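> This is the structure I have questions about; it appears just below.
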Amino acid sequence: MSSGFQWPDFFQTAHVQALHLEMRDSYGVAGELEEVDLWKRTGQTDIDPDSDGWRPWTDIARDATARGVVLRRARIVSEPVTDYTRWLHAVTVTNLAAGELVRWLPRSKASDLCLPGNDFWVLDAHTVLFNHWTGDGGLADPPVELRYEPELIKMCTDAFEAVWDRATPHEEYQVH
């Protein structure tokens, strides 16, 4: 991760909401690739929010929601979806169990939306964090970029809200 950056500390700065927009059809994070491979071979995957694999994130999410922070995650996906997206859909029950709200938007319904070039998190109205990925879905160097310009934060918040308004809640979205 970037020098000195800590995810738990980052989320401590949220007081109202944390918005996350994901726009890739697959990510190449090593631990996830192993899980996806296992799921493809066996149909089984880790959806226990208290497991070692999930605990770093579920601890952060539960802490934030306990403080009253609303966590919303929107995913823009191509259809038919990739195997990675199928797996992601299967494990999203863990995000929900940790207190997140998750919606899905088919890429074909996002064509007229103005979207930033990278996945991002917006915390309240004070910070945007861009996630940087390589072409094959691995973490780039540096993997995150923090920005604080009000116009940029507004642009990302508006983009997220436009996606959220069109997207389907996880419980209703069918992968195909």
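Every number in this text was worked out from the coordinates using simple rules, so none of it is lab data. In this text, all values refer to a predicted model and were calculated from it rather than measured experimentally. For neighbour counting, all protein chains shown are included, and Cβ atoms are generated from backbone atoms with ideal geometry for every residue, glycine included.
> Taking the number of other C-beta atoms within 10 Å as the exposure measure, put Val128, Val29 in order starting with the fewest. Please list the in-between numbers first.
Working: Val128 24, Val29 14.
Least to most surrounded, the residues fall as Val29, Val128.
> Still on this structure: Given Cβ point charges of +1 (Lys, Arg) and -1 (Asp, Glu) and nothing else, what value in debye, to the nearest 20, does the dipole of the stretch 16-131 about its Cα centre take?
On the way: 13 positive and 18 negative charges, 88 e Å.
So the dipole magnitude of the stretch 16-131 works out to roughly 420 debye.
> Below 8 Å between Cα atoms, with a sequence gap of 6+, how large is the relative contact order for the stretch 7-172 in percent? List each step's numbers first, then the result.
Working: 267 pairs, mean separation 48.1, N = 166.
With pairs under 8 Å counted, the relative contact order is 29 percent.
> Going 7 Å from the Cα of Trp164 in the Cα-to-Cβ direction, what parts of the stretch 18-60 have a backbone nitrogen less than 15 Å from that spot?
18-22
> Could you calculate the contour length gain from Asp50 to Asp141, that is, 0.36 nm times the residue separation minus the distance between their Cα atoms, to one decimal place in nm? Write out the running numbers ahead of the final one.
On the way: separation 91, 0.36 × 91 = 32.76 nm, distance 2.99 nm.
Full-extension gain reported as 29.8 nm.
> What do you get for chymotrypsin sites (Phe, Trp or Tyr not before Pro) in the stretch 105-148 restricted to DSSP loop and a cutoff of at most 13 other Cβ within 10 Å of the site's Cβ?
Values: sites: Phe120, Trp121, Phe130, Trp133, Tyr148; in loops: Tyr148.
Sites meeting the loop and neighbour criteria: Tyr148.
> Could you state the per residue volume, in Å³, of the convex hull enclosing the Cα atoms of the stretch 7-172? Numbers along the way, then the final one.
Values: hull volume 19.5 nm³, N = 166.
In the stretch 7-172, the Cα convex hull volume per residue is 117 Å³.
> In addition: Expected output is a single nm value to one decimal: the length gained when fully extending between Glu151 and Thr134, i.e. 0.36 nm times separation in residues minus the C-alpha distance. What is it? Provide the component values of the computation, followed by the final result.
Working: separation 17, 0.36 × 17 = 6.12 nm, distance 2.64 nm.
Result: 3.5 nm gained on full extension.
> Let me ask another. Report the net charge of residues surrounding Phe130, where surrounding means a beta-carbon distance below 11 angstrom and charges are Lys +1, Arg +1, Asp -1, Glu -1.
-1
> Only Cα pairs within less than 10 Å get springs; with that Gaussian network setup on the chain, which residue of Leu38, Leu19, Leu105 has the largest fluctuation?
Looking only at Leu38, Leu19, Leu105, the biggest GNM fluctuation is shown by Leu38.
> Further question: Of all DSSP beta bridges in the chain, what percent run antiparallel (nearest 5)? Could the numbers behind the result be given before it?
Values: 15 of 27 bridges.
The answer is about 55 percent antiparallel.
> Which value in deg cm²/dmol, rounded to the nearest 500, describes the helix-derived mean residue ellipticity at 222 nm for the chain, given -39,500 (n - 2.57) per DSSP H run of n ≥ 4 and division by the residue count?
On the way: 5 runs with 63 residues, N = 176.
Value at 222 nm, helices only, nearest 500: -11500 deg cm²/dmol.
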